[in-house]
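Peer 1: Structure provided below as structure tokens; questions to follow.
The values are calculated or read from the model by the stated rules, or taken from the named source; none is laboratory data. Just so you know, these numbers come straight off a predicted model, no measurement behind them. Backbone-built Cβ (ideal geometry, glycine too); neighbour counts: all protein chains shown. The area values use the complete protein model at the heavy-atom level, side chains included, leaving out ligands, DNA and RNA. Shrake-Rupley method; radii C 1.70, N 1.55, O 1.52, S 1.80 Å.
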Amino acid sequence: MALQRMLSGDPSKSSKVYLAIGALSLAKAIAVRKDRERFRRELLDAGLFLGAGLVLRRFSTMKAQKRQEIESQLPNWAAEAMRSESASRGLQALAKQRLGSRSEPEPEPTLRDRARGVISSL
């Protein structure tokens, strides 16, 4: 899973999912502890999922603290406008409109297009 995709959305919900999967993997590792290879594999999976869950939980709290810090520096009317649902949707649409056109790379010219350009310049 890409890091950007992991951090997008609500990281507190994602952290709960990762922690739950890690706990299940840990329980599974305990259940198969007699098979050394499988035990190691399950234990590694459990550690990775639990680690990702803890990192996401920490990221979620940092994100909430930063949001609160930024909102405390804004005037009351601006903070209330940020919290409103319609303003949030409007801002998202505006950002997608402005940033969407820049993020799409221009297609590279094909061999046929380059050949036509060379011929037309002669």
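Peer 1: Taking the stated definitions as given, is Val32 at pLDDT 90 or above and over 23 Å from Asp10 (Cβ atoms)?
Peer 2: When the stated conditions are applied, Val32 passes them.
Peer 1: Among the residues of segment 106-122, which ones are in a loop (DSSP other than H, G, I, E, B) and surrounded by 10 or more Cβ atoms within 10 Å (Cβ to Cβ)? Break it down stepwise before answering.
Peer 2: Of all residues in segment 106-122, those in a loop (DSSP other than H, G, I, E, B) come to 106-110, 122.
The answer is Pro109, and nothing else.
Peer 1: Just a yes or no: is a residue in segment 82-91 surrounded by 14 or more Cβ atoms within 10 Å (Cβ to Cβ), within 25 Å of the chain's Cα centre (by Cα), under 28 Å from Tyr18 (Cβ atoms) and among the hydroxyl-bearing types (Ser, Thr, Tyr)?
Peer 2: No, there is no match, as no residue in segment 82-91 is surrounded by 14 or more Cβ atoms within 10 Å (Cβ to Cβ), within 25 Å of the chain's Cα centre (by Cα), under 28 Å from Tyr18 (Cβ atoms) and among the hydroxyl-bearing types (Ser, Thr, Tyr).
Peer 1: Just to check your reading of the model, which residue among Ala52, Ala20 is assigned to a helix (DSSP H, G or I), within 28 Å of Gly9 (Cβ to Cβ) and more than 17 Å from the chain's Cα centre (by Cα)? First the steps, then the outcome.
Peer 2: Working: Ala52 fails: more than 17 Å from the chain's Cα centre (by Cα).
Only one candidate passes the filter, namely Ala20.
Peer 1: Now, a different point. Of the residues Gln4, Gln65, which single one is assigned to a helix (DSSP H, G or I), at pLDDT below 90, open to solvent by 90 Å² or more (accessible area, probe 1.4 Å) and not basic (Lys, Arg)?
Peer 2: From the options Gln4, Gln65, the qualifying one is Gln4.
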